[in-house]
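One structure is given here, and the rest of the page talks about it.
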Amino acid sequence: MQAIDSIKIAKTATQMKIDSRLFLGVLHDRNDARLSSLTSFRFVNAESDGRVPIDISVVSADAVKSVVERLDRINAPVRSTNVDHLTVFARMRLDDVEQLAAMVEVWTVRPHISGLTQKINTSEGDKSHGAYVARGSFEVAGAGTKVCAMSDGVDSLASIQASGDLPANVDVLPGQGGATKTRRCLRSCTISRQARRSGSPKPDQTKQASRRISSAWGSAAARSLSTM
């Protein structure tokens, strides 16, 4: 962990745009001496074509075209683009990742995460909090771990369990069921995503989103505490 922490601290502004695990893969590809102690780390490695699948988030709809043109120049095949979600999926060499991240049009660069196909309905929280990224990057799913969550109601619990978003063994504390739908409070988390999609968020947008998210969670907490 000390080696990883020292690498993170030394990252430049451009390198900060690169997912941590992917950046370690870039350094590993360069035979960086700082990685010598990470003997059991699962590095991102190039596949048989010498490339890795990459997801690129861009700052605006217009930026998609610029990024695609740059990928074409460095011979990185583009698999798909999504102007609505401001993303580009491509295959590229690890050695080219940092120069791509240096583009002002690029927001983040990370390993490609395959779409979830086993679910009828995937919750907004899974995407908003980047849980799907963690599962793909660290190859863990949290199975067998019990967690606690605060919401402002459980009226829609049965339907969410039926869709596969929540397991069957959900425990609700006695007297803490609330009176509204389970995901009403959680939806507020998508505000920060919406602010980012319009480009680099302005300070007032970021503050407004933070206040609305804090207010939503605070209201849920207040309702729960008032009945305890």
Legend entry - Top-ranked residue of the stretch 69-107 - restricted to ones that are crowded, with 16+ Cβ neighbours inside 10 Å and of a type in the set (S, T, Y), ranked as farthest from V26 (Cα to Cα): T81
Inset, instruction - State which residue is surrounded by the fewest Cβ atoms within 10 Å (Cβ to Cβ) when the search covers only the stretch 22-65 and only residues that are touching a strand residue (DSSP E or B) at 6+ places or on another chain (Cβ under 8 Å) and over 12 Å from R93 (Cα atoms). - result: S57
Legend entry - Residues satisfying the stated conditions in the stretch 36-65, i.e. hydroxyl-bearing (S, T, Y) and either more than 20 Å from the chain's Cα centre (by Cα) or not assigned by TED's automatic domain parsing to the domain that holds P77 (or both): S36, S37, T39, S40, S48
Legend entry - Odd one out for R79, checked against (1) among the basic types (K, R); (2) touching a strand residue (DSSP E or B) at 6+ places or on another chain (Cβ under 8 Å); (3) touching a residue at least 40 places away in the same chain (Cβ under 8 Å): (3)
Legend entry - Leading residue by the ranking (nearest to P111 (Cα to Cα)) among those in the stretch 10-34 that are modelled with pLDDT of 90 or more and aliphatic (A, V, I, L, M): L22
Inset, instruction - Please identify the pairs in which a residue from the stretch 144-168 that is in contact (Cβ under 8 Å) with a residue 60 or more places away in the chain has its Cβ atom under 8 Å from the Cβ atom of a residue that is outside any loop (DSSP other than H, G, I, E, B) and among the basic types (K, R), counting only partners at least 6 apart or on another chain. - result: D152/R223
Inset, instruction - Output yes when any residue across the stretch 35-49 is in a helix (DSSP H, G or I) and closer than 30 Å to Q2 by Cβ, and no when none is. - result: yes
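Which one is surrounded by the fewest Cβ atoms within 10 Å (Cβ to Cβ), of the residues in the stretch 8-19 that are touching a residue at least 60 places away in the same chain (Cβ under 8 Å) and part of a helix (DSSP H, G or I)? Full working, then the answer.
From the stretch 8-19, those touching a residue at least 60 places away in the same chain (Cβ under 8 Å) are 14-15, 17-19; that's our starting set.
Next, only the ones that are part of a helix (DSSP H, G or I) stay: 15, 17.
Values: Q15: 18, K17: 22.
Looking at the filtered set, the residue picked out is Q15.
The values are calculated or read from the model by the stated rules, or taken from the named source; none is laboratory data. On a predicted model such as this, the values are computed, not experimentally measured, just so you know. Because the Cβ atoms are built from the backbone with ideal geometry, glycine has one as well, and the counts that use them run over all protein chains shown.
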